[in-house]
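Encoded as structure tokens, the structure appears first; notes follow it.
Just so you know, all these numbers are worked out from the coordinates, no wet-lab data involved. Note that this is a predicted model, so its numbers are computed, not measured. All Cβ positions, glycine included, derive from the backbone under ideal geometry; neighbour counts span all protein chains shown.
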Amino acid sequence: GNSVTQMEGPVTLSEEAFLTINCTYTATGYPSLFWYVQYPGEGLQLLLKATKADDKGSNKGFEATYRKETTSFHLEKGSVQVSDSAVYFCALSDPANNDMRFGAGTRLTVKP
Amino acid sequence: GAGVSQSPSNKVTEKGKDVELRCDPISGHTALYWYRQSLGQGLEFLIYFQGNSAPDKSGLPSDRFSAERTGGSVSTLTIQRTQQEDSAVYLCASSLALAGGHGDEQYFGPGTRLTVT
């Protein structure tokens, strides 16, 4: 079945550091890939997505590229801010049935 | 417009009691999902409804858990004979689930925090 594996946290960085959160997936078809973010005290919200191979999703300075050859969708940001502190979830959606699977989440803390 | 709503926001119950959690999806969204988020854990998929199709119940952890979706809209998640390990935040999400279902964003509700004492 479909599944997502993402980098275990927690991750602690200083402000302006470079961020990478790894995500790999297993899927029988050609899924869409997502990153969701959960800020403290808030609900989950979509951060970015990519629907086909080599697509790059981007938002708020975050980027992730859909790599079919490595079945990966790593999240990156060149310079993190304190306000980026949150839990990040990688997810995939199977277009055959809209079934969605989430990774375990990675908690990021950015210190000033 | 209105987002996904869930009720109650908090529920404290005694071990062994039954509880019902409600989800109102965004109007027009045909897909509805329930997840469980335990303290410090990720999202655990529970059940998925898509239109009039039979739900995908593969994530339900035991037969004490059940869910229904009436009229393709409101959904209720029921936990019978609650146990302490059922304590968690229960999240509901909905999506448009357009034909082909490619890249549909899920919209999450605020969750119901369940505490079993």
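Below are the figures for this structure:
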item: Summed side-chain charge close to B:Asp24 - residues other than B:Asp24 whose Cβ falls under 15 Å, Lys, Arg +1, Asp, Glu -1; result: 0
item: In sequence order, calculated HN-Hα J values of the stretch A:78-83 (Karplus, 6.51, -1.76, 1.60; Hz; x Gly/Pro); result: x, 8, 7, 10, 4, 5
item: Quotient of Cα Rg and 2.2 N^0.38 Å for chain B, N being how many residues it contains; result: 1.02
item: Taking the C-alpha atoms of the stretch A:48-90, convex hull volume expressed per residue in Å³; result: 70
item: Fewest-first sequence of A:Thr28, A:Thr109, A:Thr51 by Cβ atoms within 10 Å of each Cβ; result: A:Thr28, A:Thr109, A:Thr51
item: The stretch B:27-70: Cα Rg divided by the 2.2 N^0.38 Å rule of thumb; result: 1.24
item: At 1.306 mPa s and 10 °C, Stokes D of the protein assembly as shown from Kirkwood alpha-carbon radius, µm² per second; result: 88
item: Linear extension gain, A:Leu46 paired with A:Gln81, 0.36 nm per residue minus alpha-carbon span; result: 10.7 nm
item: Aspartates and glutamates with Cα under 12 Å of A:Lys49, excluding same-chain neighbours fewer than 8 positions away; result: A:Glu63, B:Asp104, B:Glu105
item: Relative contact order of the stretch A:1-53, defined on C-alpha pairs under 8 angstrom at six or more residues apart (%); result: 31
item: Net charge dipole size for the protein assembly as shown [Lys, Arg +1 and Asp, Glu -1 on Cβ; Debye, nearest 20]; result: 240
item: Neighbour-count ranking [beta-carbon atoms within 10 angstrom, fewest first] of B:Thr70, B:Thr13, B:Thr78; result: B:Thr70, B:Thr78, B:Thr13
item: Estimated inter-spin distance, B:Thr117 and A:Asn59, nm [label 7 Å along Cα→Cβ]; result: 3.9
item: Virtual spin-label span in nm between B:Ser73 and A:Phe18, 7 Å along Cα→Cβ; result: 5.2
item: √(5λ) per eigenvalue of the Cα gyration tensor, chain A, largest first, Å; result: 24, 14, 12
item: Cα-centred dipole magnitude for chain B, charges only on beta-carbon of K, R (+1) and D, E (-1), debye, nearest 20; result: 260
item: Partner aspartates and glutamates for A:Lys111 [C-alpha distance under 12 Å; skip if fewer than 8 residues away on the same chain]; result: A:Glu15, A:Glu16, A:Asp84
item: Cβ-derived FRET efficiency at R0 22 Å, B:Ser58 paired with B:Glu14, nearest 0.05; result: 0.15
item: Order of B:Tyr33, A:Tyr25 - criterion: other Cβ atoms within 10 Å of each residue's Cβ, fewest first; result: A:Tyr25, B:Tyr33
item: Inter-centroid distance (Cα atoms) of the stretch A:26-40 relative to the stretch B:14-41, Å; result: 20
